[in-house]
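Peer 1: After the structure tokens below, expect a handful of questions from me.
Here, each number is a calculation from the coordinates, and none is a lab measurement. Bear in mind the structure is a predicted one, so any value in this text is a computation, not a measurement. Ideal geometry is used to build each Cβ from the backbone, glycine not excepted, and the neighbour counts take in all protein chains shown.
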């Protein structure tokens, strides 16, 4: 898509500034999160994402570019608002956990559309967990039943605590009911959430976890058509936040739930091949979440409706998170400058720069 | 595309190793190039690219993912051989030179397909100039007339010296005839190539530059349908190495040259929208360069044929360059480790890692 761009202030175009790219390491990201606070940052991120969802039409959008193997996927997720360009590198390898590695690792980059020069490189494993939780809570704010206080959190892996705290910070839940097929994961999440202000209930089955919950979050990692929730488990009026179904052949909900729920999606061309939507026929109705947020479409229809946020994660959410980090590291010690870009005094003299470096 | 993968040796799967990603800065890339030597490295890179062109079918290929604006383009160029995954970020902003910035800057990443974890991050502005030159020379080795000794180099910007030295190292040219619409660019290139072993002739027109040349290289930056070479300038038997036409609406050769030349391309779906090929009808014949290199298709037909390498740059060339850097920094001081990947002891305990960092 050909887009008009606005040049930055000329004072920002000095080569000496442009050659160095601010880099936020994992260590610095953790410091930044603690400096801001986990819940305030989740709220801030949701506000950035919400602002970008409100100007959805303005973005250059494309489904992520995926390279699949028999053990996982590596994806690039680019987007641009015409002034900044962002992309995230992210993998998804469910078998990694068994080998002591993260299922999902990520890093991201923001660049200036006018010059094409990168302006930020950052870890995004932590940032993705934060933005995914912020997006879930933003959706729940619009879709969950009024007065939701209890969330069932099914799948207690790396995302679970972030999801729980975002629902506390943005939706106001006070109780989280945890369940995982591996009880050690539940123990881990319960331990981490102790002292968070949430009442934490460790459950021994998915059925027990959903008792009394208005919000059901599923975040499981198996690359399979699983049925974490079956139809008879889902009562009237709940909001389902389905996070784990995020690639072809990977879903979490029984088809009957998907069929009767009010379905809300991020970017349809991507959700169709990655989300719960892949279980449904082409003409299955859905609403785009950005339309709800911008007021163009209704959210929850009534207190009886089951709403489903069929979350797969979209590039604009990462773009919002990258913007947030760029805006919040200025003037701080939470980054270092990387010598990533060749910057000869005469831009045509790349070879001369190389030769002069020989001395 | 779903691909089978081969796991790495288990000893390579320790989280402590995986969390840190080797990073090659511009400074370290320059040191590495000088350590190896410019011409030896160009030869080595061509050998890596040639090896990958010979196993072309094995790669997961896609045209680059481009985000266009009215002043330039930002692109992601991913590919995978099923064991490693690589991508390059690269911009193309012809107007940048006037603002003291590079037209093209780039960085790249190599990852392990089995784990999805990055294993190398590197500057690629210099490396792209090196791999582009190595690819040009590899193509000329197969396509240029036997005994080529003189190259005309039209467009004396950042790529010119690299192109010249690669043709010297791989094809055996001894003379380069330089021309640029800006004589200062020609002076710069002539100065940089003094002492290289090449006879350097600065010319005041494209017509003069091509006198007696067997290889004509065009590498100009204007984003327009230019005619750097007109039909009457191109005599029988020459090889044209057209580098500058590399995005939609950006070409360098008069249509009549393209029509009568034997056309050789990298990846047809990309060349069709970016290369000189965009000037021709859908059914215009061409040969894929990898077929020539693997022996599946003939190269130059006879001494009279005008051959044209319609180079736009393809992801596999970057992949080869990334492989080369990965193989050659081991055990050297030409990289630093970046804390790019979150690595909790328990992979499910990302939040616990964050909390423990608070102290």
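Peer 1: Quick one: label points 7 angstrom along Cα→Cβ at residue A:222, distances to the other copies in nm, smallest first?
Peer 2: Here residue A:222 shows inter-copy label distances of 6.3 nm.
Peer 1: List the relative contact order of chain B as a percent without decimals, with contacts defined as Cα pairs under 8 Å and 6+ residues apart.
Peer 2: Relative contact order for chain B comes out at 20 percent.
Peer 1: Turning to a different aspect of this structure: When a/c is below 1.5 the answer is rounded, else prolate if a/b is larger than b/c, else oblate, so apply that to region A:99-144 with a ≥ b ≥ c taken from the square roots of the Cα gyration tensor eigenvalues.
Peer 2: Note, shape of region A:99-144 comes out oblate.
Peer 1: Give the percent of DSSP beta bridges with both residues in region A:219-359 that are antiparallel, rounded to the nearest 5.
Peer 2: Among the beta bridges of region A:219-359, antiparallel pairing accounts for roughly 10 percent.
Peer 1: Looking at the protein assembly as shown, what % of the alpha carbon pairs are farther apart than 32 Å?
Peer 2: 53 percent
Peer 1: In the protein assembly as shown, what % of DSSP beta bridges are antiparallel (nearest 5)?
Peer 2: 50 percent
Peer 1: Can you tell me how region B:232-302 classifies by the Cα gyration tensor, rounded, prolate or oblate, using a/c under 1.5 as the rounded cut?
Peer 2: Note, shape of region B:232-302 comes out oblate.
Peer 1: If you take the alpha carbon radius of gyration of chain A and divide it by 2.2 N^0.38 Å, what ratio comes out, to two decimals?
Peer 2: Computed over Cα atoms of chain A, the ratio equals 1.04.
Peer 1: Within region A:217-257, find all residues whose amide N lies under 12 Å from a label point positioned 7 Å from the Cα of residue A:98 along Cα-to-beta-carbon.
Peer 2: Those under the cut-off are A:222-223.
Peer 1: Once both axes come from the Cα atoms, what is the angle between helix A:26-36 and the longest principal axis of chain A, in degrees from 0 to 90, rounded to 10?
Peer 2: Long axis of A:26-36 versus the principal axis of chain A: about 70 degrees.
Peer 1: Also, quick follow-up: For region B:144-313, what value does the Rg/Rh ratio take when both radii are computed over Cα atoms and Rh is the Kirkwood radius, given to two decimals?
Peer 2: 0.95
Peer 1: Taking other Cβ within 10 Å of each residue's Cβ, how do B:153, A:77, A:353, A:336 sort, fewest first?
Peer 2: Ranking B:153, A:77, A:353, A:336 by Cβ neighbours within 10 Å, fewest first, gives A:336, A:353, A:77, B:153.
Peer 1: Sort out for me the Cα centre separation of region B:128-156 from region A:69-142, rounded to whole Å.
Peer 2: If you average the Cα positions of each part, the centres end up 39 Å apart.
Peer 1: Just grab the label-to-label distance for residue A:175 and residue A:346, each label 7 Å out from Cα along the Cβ direction, in nm (one decimal).
Peer 2: In this crude spin-label approximation the distance works out to 7.5 nm.
Peer 1: If I fit a long axis through the Cα atoms of helix A:315-329 and take the longest principal axis of the Cα atoms of chain A, what angle between them do I get, 0 to 90°, rounded to 10?
Peer 2: Value to nearest ten degrees: 60.
Peer 1: Something else now. Calculate, in nm to one decimal, what residue A:230 and residue A:35 gain on full extension: separation in residues at 0.36 nm each, minus their alpha carbon distance.
Peer 2: Extra length available between residue A:230 and residue A:35 comes to 66.1 nm.
Peer 1: Measuring from label point to label point, each 7 Å out along Cα→Cβ, what is the residue B:297 to residue A:183 span in nm?
Peer 2: Reported label-point gap for residue B:297 and residue A:183 is 6.4 nm.
Peer 1: Sticking with this structure for a sec: Please provide three numbers in whole Å: the alpha-carbon extents of region B:135-228 along the principal axes, with the largest listed first.
Peer 2: Projected onto the principal axes, the Cα atoms of region B:135-228 cover 32, 31, 22 Å.
Peer 1: May I pose another question? Per DSSP H run of at least 4 residues, take -39500 (n - 2.57); add these up for chain A, divide by its residues and hand me the 222 nm value, nearest 500 deg cm²/dmol.
Peer 2: Value at 222 nm, helices only: -9500 deg cm²/dmol.
Peer 1: Order of B:213-219, B:202-208 by packing, highest average Cβ count within 10 Å first?
Peer 2: B:213-219, B:202-208
Peer 1: Taking the Cβ-Cβ separation of residue A:259 and residue A:196 as r and a Förster radius of 25 Å, what is the calculated FRET efficiency to the nearest 0.05?
Peer 2: My answer for the efficiency is 0.10.
Peer 1: Which distance in Å, rounded to a whole number, links the C-alpha centroids of region A:268-338 and region B:25-58?
Peer 2: 41 Å
Peer 1: Can you list, shortest first in nanometers, how far residue A:302 lies from the same residue in the other copies, with each label 7 Å from Cα toward Cβ?
Peer 2: Between copies, matching label points for residue A:302 lie 8.4 nm apart.
Peer 1: Report, to the nearest 10°, how far helix A:183-193 tilts away from the longest principal axis of the Cα atoms in chain A, using its own Cα long axis and a range of 0 to 90°.
Peer 2: It is inclined by approximately 70 degrees.
Peer 1: A further question follows. List the distances, in nm to one decimal, from the label point of residue A:268 to the label points of the same position in every other copy, shortest first, placing each label point 7 Å from Cα along the Cα-to-Cβ direction.
Peer 2: Shortest to longest, the spacings are 3.3 nm.
Peer 1: Next question, about the same structure. When a/c is below 1.5 the answer is rounded, else prolate if a/b is larger than b/c, else oblate, so apply that to region B:58-191 with a ≥ b ≥ c taken from the square roots of the Cα gyration tensor eigenvalues.
Peer 2: Note, shape of region B:58-191 comes out oblate.
Peer 1: Take peptide A:69-82, look around each residue's Cβ out to 10 angstrom, count Cβ atoms belonging to other protein chains, and average those counts.
Peer 2: Neighbouring Cβ atoms belonging to other protein chains average 5 per residue here.
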